[in-house]
Amino acid sequence: MKFRRLLIFLFGIELVIAVLSPISANAASSQQGPVTLPLQRVGTSSFASAPMATDVSGIPDEIDTALNGDADNGTDLGVAINRSLPGTTTGHGRPVNSKPKSNPVLGANFQGLNFHDQRFANGGNQFSVEPPDQGLCAGNGFMLEAVNDVLQVYDHAGNALLNGGQAVDLNTFYGYPPAIVRTGPHAGERGPSITDPSCIYDQAIGRFVLVVLTLDHVGLTASLNGKNHLDIAVSDTSDPMSSWTIFKLPVQNNGTQGTPDHHCNNGFCLGDYPHIGADANGIYLTTNEFAFFGPGFFYGAQVYGIGNSVLTGGTGSVVLFDTLGGAGPDGAGFTVWPAQTPGNQFDTDNGGTEFFLSSDAVFSDVGTSNTILLWTMLNTSSLNSVSPAPTLALSTIAVDTYAVPPFATQPAGNRPLSDCIADTVIFPNCNVLVAGVASHNNATFGPPNGKLNANDSRMQQVAYANGELWGALDTAVNVGGQDRAGIAFYVISPNSRKLFLQGQAGIADTDLTYPAVGVTQSGRGVIAFTLTGDNDYPSAAFSGLDAKVGMGNVQVAATGAGSWDGFTSYVIFGSGRPRWGDYGAAAVDGNNIWVASEYVAQTCTYAEYLVAPQGQCSGQRGALGNWSTHISMVTP
């Protein structure tokens, strides 16, 4: 572990004027209040998976275009979905100054799931997928990590408990056919496409909850049929190694399967980027709603409330609030992130209260904003009745200007996928046989060593602890006269709608991306993030955070071993988006906070990349990518 001096500036703690207003649940039909939805119990599950496998010679790797935006290597005929806001502009950051503070203690830490785990789970019947999109939850002595598209359960010493230490694929866990069948008479058949895992240990019911977005296909073909749903797995006890119950919540919102009709372009909506929070009475899922087919029009964030009694076999309700028309220049909430609560520190006022935070710089023509949004759901206890009557209200919180960050950087290093694509001498067919592309063009987005996506200033993980609401987002910061990716963090008194503390953090020649906040019941917190830059390979890092002194010095828990070498950074794969990360994760278990961030755990030469099985570098990566995750237990 190494320590980094953090450049940080804490901004004024000032009262802000908040406007509280009701939100229309369905802008298309102008209904007031929430819409009640069906939640289908579809079966049970437990952990099982096929053994690991290696690439089959002569069969190029494939990517799932449904999950990788418009990335397509020419071998996959699936339909790509545009899930980015059009016209998002990078903003200019404000200067930050030095403000070092105390450091938390790093405990057990270890490498989590990686690209190789993802690609070769379920007998190798998986796609190559990036980014990992981490879900992390901890409780009852267990810690569960899920990424696109595998999961693992660990004990507190970091021992992997499932499947002989091998990852379990999400398609198998949720009871679906394999993501893709690679060999045999059924080669090419597809199961549903699963993405965006998020999980929580629900303190109120003592169970683990794992949610994913699932996109249905036309039969077992590559074509998507437009139907999509949130698949919600709930452990039947506080032991995640035992049985789970699976629920399905349709989110296409076109009037079918009990959903309201939001009139998305070409008939189907997409419930993208689901995340989860909880209070004493239920769990709360939020999505960003896009058109499923055609241009990626955005239709506002969706907020779902599900009573605990529904999840545990009793009666209750699922309700939906549509934020379209409720906030922002474009009239919609965006990435409305629900709060998680350590222990039992729930807000029980007004029949139970759940809080959410969001940001709105993505709606600005110049990529900046000086407001964040506080959403408050009241009367959540009614979710456990046959007549739910929660309300959702919005307040605007004035903050110092934050901005959509620029791409992050990394040093030059071994990039064997680049060498494979470009090779016309040593192994001229590497581009086709290993990478699955016909071209030898190894150009990257940005400089020759590639750039990393640093998000779009959307709010990241939110915590409600010690009576305060804590959150962080990616922002542009100006350090030494240069705009870099940095972190903005906030502590808010939600009941009075006052900003308690705010700050922005950055390091010269360095980028900090995808912050995730975890806070103990006593109000001591940690921010986890990826650190990368001109002189640092992508590394897993964290800082302390509290409501009095803000964010402390950066500690690097796992130093990156080499360059990110993923397929979405290469122009030939057609994504236009170097998909490094979408979010990290933090989970509180008593006085300890588990944090997980994406980093690069390996490096290998092109010669090592070509050793059979080709593209795996002795089991450390896959042909098309080398992301990894790192998990740390931190005591504030």
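Assorted remarks:
- Dipole orientation for the chain: of the candidates N384, G550, V526, G550 has the Cα lying most toward the positive pole (charges on Cβ; Lys, Arg +1; Asp, Glu -1).
- Lysine pairs in the chain whose alpha-carbon atoms fall under 25 angstrom of each other, counting only those eight or more residues apart or on distinct chains, come to 10.
- Among T353, T530, sorting on how many other beta-carbon atoms sit within 10 Å of each Cβ, with the fewest leading, yields T353, T530.
- Virtual spin-label span in nm between N344 and D365, 7 Å along Cα→Cβ: 5.4 nm
- Surface/4 estimate of mean projected area, convex hull on alpha-carbon atoms of segment 2-635, nm²: 23.8 nm²
- Taking 0.36 nm per residue of sequence separation and removing the Cα-Cα distance, the A187/T424 pair yields an extension gain of 82.3 nm.
- Full extension of the chain between D534 and A443 yields a length gain of 30.8 nm, computed as 0.36 nm times the residue separation minus the alpha carbon distance.
- Residues in segment 258-277 that a label on N225 would reach, taking backbone N under 19 Å of a point 7 Å out along Cα→Cβ: 258-260, 266-271
- Inter-part distance, segment 438-504 to segment 570-621, computed on C-alpha centroids, equals 20 Å.
- Loop-located trypsin sites (Lys or Arg not before Pro) in segment 539-636 (DSSP state other than H, G, I, E, B) with a sparse environment of at most 13 neighbouring Cβ atoms within 10 Å: K548.
- In this structure the amide hydrogen of Y599, modeled in the peptide plane, comes within under 5 Å of the amide hydrogens of S628, T629, H630, none closer than 5 places in sequence on its chain.
- With Cα atoms as the point set, the radius of gyration and Dmax of segment 524-636 evaluate to 16.4, 55 Å.
- The HN-Hα couplings worked out from phi for segment 146-162 by the Karplus form 6.51 cos²θ - 1.76 cosθ + 1.60 (θ = phi - 60°) are 10, 9, 6, 9, 9, 9, 8, 10, 10, 8, 6, 8, x, 6, 6, 9, 9 Hz, whole numbers, x standing for Gly and Pro.
- A simple spin-label model places pseudo-atoms 7 Å from Cα toward Cβ; at A393 and N591 they are separated by 3.8 nm.
- Fraction of alpha-carbon pairs over 15 Å apart in segment 585-626 - percent: 52 percent
Read the figures in this text as sums done on the coordinates, not as results from a lab. This structure is a prediction, so every number in the text was calculated from the model and none was measured. Backbone-built Cβ (ideal geometry, glycine too); neighbour counts: all protein chains shown.
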